[in-house]
Structure formats: structure tokens, C-alpha cells
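Here the structure comes first, spelled out in C-alpha cells, and everything after it is commentary.
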Amino acid sequence: MMKKLLFVVVLATCGLSSCIVSKKKFDELSRRKSALETEKADCEESLKAKQAELDKFMALNEALLKDTSELGAELRVAQANYETLNDTYQKLLKTHNKIVSNNQSELSKMSKDLSERELKINTLENELNERERRVRELEHVLARKDSAVNAIKDKLTKSLLGFKDKDITVKVKDGKVYVSLSEQLLFKSGSIKVDEKGVEALKKLAEAIKDDKDLNITVEGHTDDVPVNKGANFDDNWELSVLRATSITKILVSNGFPPINIMPAGHGEFMPVAEGKSAEARRLNRRTEIIVSPKLDELFKLLNK
């Protein structure tokens, strides 16, 4: 019994001693626990902050991944467009080079044609200038000729003032002076001998122009359409007109006009100035025309250049 009690006392003493040690440890452990809990709380706060930051970075990373994906898609589209454009560019470049090559050939040909045309144009311009120069010369010569013709007309008109207008007319036609003398002034009917009054007129005409060596004269005889009388010294009106023109020519030459510059001709009834069978028409047709014209040697020289 004593042994049991002693055991109980000893056990109780041991237990009490053991309880005293455990409280110290407990307090220590409590302090460490508090410290650990505080540290844990700090860690948890830090963890929350890190987690928030991580979430932020994760969101940013997702956004970057999304942007990267979109940019990748855009890049692939851009690459595809670039390849298409590059292919198109190469085709265009090839076409361009071909066109340039063709154009260069065409331009070379056009340049050659242009040079030839310019040469032709220059030649034509030179020819045109030369023609214009010749035209001016011709105009000058023609103006001098017209002036000379008018001067001759005035001179002949003054020299024949004493005769009747119906017997003599002086006019300019086709650049020549036509002196028309009626049969009544020159000849008796059917005669080839010039009357004295006609000789007087022809002498004045010759006197007015005999010293002008640059004149040509054609004496043209004309008749009416009445046949010549049988037994006459000529066969027909044609021969009569020639003989009359010859008679007048001889008078002009005998009064100083150069024979080399005068020529007789006869037209008979074939160049009438009046139509019809009336006495007046036939009177007008019976005439002699002395056609005076300046020599055209200078004009012919210009035309033959």
C-alpha cells in the first residue's frame, strides 16, 4: 500500500514537474506560433500581392499573345499580299521591259522617219521660197508688162485721135493692145490696096511705136461671110484677108517698124465679132486688127528656170 502511495506521490511529483516544463514550452511555442502566424499573414499578403501582380502579368501576357496572334495573321496576309504584288510587279516589269524595248525600236524608227520628213520639209521650204521668189519676179515682170501695155495703148490712142471712133478702136485685151480698123477706113470693097486715109492712119501708128524694139505686132485680116466675086484676084475671103493683112504690114514696115517684129495673118470670116447676116454685123466683121504686145522674153526666161 505504501509502495502504491509512494508511487502515486512520485508520479504526481513527476507529473507536476512535467507540467511546469510543458507550459514554458507552450509559451515559447505560442510565441513562435504568433510569430509564425504573423509571418504567415505577411506571406499571405505578399502572396496576394504577387498573385495580383501575376494575374496582371497573365492578363497582359494573354493580351500580348492575342496581339501576337493577330499580328501573325496580319503578317501572313501581308506576306501573301506581298508575294502577289511581287508576282504582279515582276510580270509588269517584264511587260514594261518588253514595251520599252518595242518603244525604243519604234522611237528609233520614228526618229528616222522624222529626220527624213524634216529633210523633205526643209527641201520643200527651200523650193517654196524659190518659187515665191520666182512668183515675185513674175509679178514684177507682169506689172511692168501691164504698165507697158497701158502706155502703148495711150500712145496709140493719142496718135489716132483725128479719126472717127467708128473707124478705129483701141483697147486692151489679154495683156495686148488691139487696134481695130474698119474696112471703110482701109479698103474699097473687094480691094487689097489701102486707101490714102488708111495709109495716113497706119503711118501715124507706125510713127508712134517704130522706135520701141521690144514690141511684136500681128496684123490680122478679117472679112464678112459674103463670098468673093467671080473673076477676083483671090479665091476666097480667107485669101483676101491674108492679102489685106500683108498690104498693111508692108506699109508699117515702110514707115519704120522692124519687119522682124511683125507678122501678117488672115482669118477670113471665121472669127466674127458680130453674129448674124445684117448689114451692120457684116460691116463690123470686115476689119483689120493690129495686135501689139510687149516681148515676153524675160517672162519666158523666168518660166523656163
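A compact table of results
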item	result
Cβ-Cβ under 6 Å pairs, at least 6 apart or on other chains, the range 219-241 side in contact (Cβ under 8 Å) with a residue 40 or more places away in the chain, far side surrounded by 13 or more Cβ atoms within 10 Å (Cβ to Cβ) and of a type in the set (Phe, Trp, Tyr)	Leu240/Phe234
Test: residue in the range 254-276 that is among the charged types (D, E, K, R), under 54 Å from the mean Cα position of the chain (by Cα) and closer than 22 Å to Leu185 by Cβ	no
Flag for Pro294 being at pLDDT below 95, within 12 Å of Thr218 (Cα to Cα) and out of contact with any Cys (no Cβ under 8 Å at 6 or more places or on another chain)	yes
Ser159 under 25 Å from Glu269 (Cβ atoms) and polar (S, T, N, Q)	no
Any pair with Cβ under 9 angstrom, 6 or more apart, that starts in the range 182-194 at a residue that is over 13 Å from Gly221 (Cβ atoms) and ends at one that is in a helix (DSSP H, G or I) and polar (S, T, N, Q)	Lys193/Ser247
Answer from Gly231, Gly221, Gly190 - the residue that is over 20 Å from Lys153 (Cβ atoms), modelled with pLDDT of 95 or more, of a type outside the set (Phe, Trp, Tyr) and not in a helix (DSSP H, G or I)	Gly221
The range 137-163: number of residues that are among the hydrophobic types (A, V, I, L, M, F, W, C), closer than 21 Å to Ser180 by Cβ and assigned to a helix (DSSP H, G or I)	5
Residues (crowded, with 22+ Cβ neighbours inside 10 Å and among the hydroxyl-bearing types (Ser, Thr, Tyr)) located in the range 182-229	Thr223
Among the residues listed as Pro264, Pro272, the single one being under 12 Å from Thr223 (Cβ atoms), surrounded by 13 or more Cβ atoms within 10 Å (Cβ to Cβ) and modelled with pLDDT of 95 or more	Pro272
Residue in the range 251-266 that is at negative phi, part of a strand (DSSP E or B) and of a type outside the set (A, V, I, L, M, F, W, C) present	yes
Filter result for Ile251 (over 26 Å from Glu275 (Cα atoms) and buried (at least 17 other Cβ atoms within 10 Å of the Cβ))	yes
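The values are calculated or read from the model by the stated rules, or taken from the named source; none is laboratory data. This structure is a prediction, so every number in the text was calculated from the model and none was measured. Note that each Cβ is placed from the backbone with ideal geometry, even for glycine, and that neighbours are counted across all protein chains shown.
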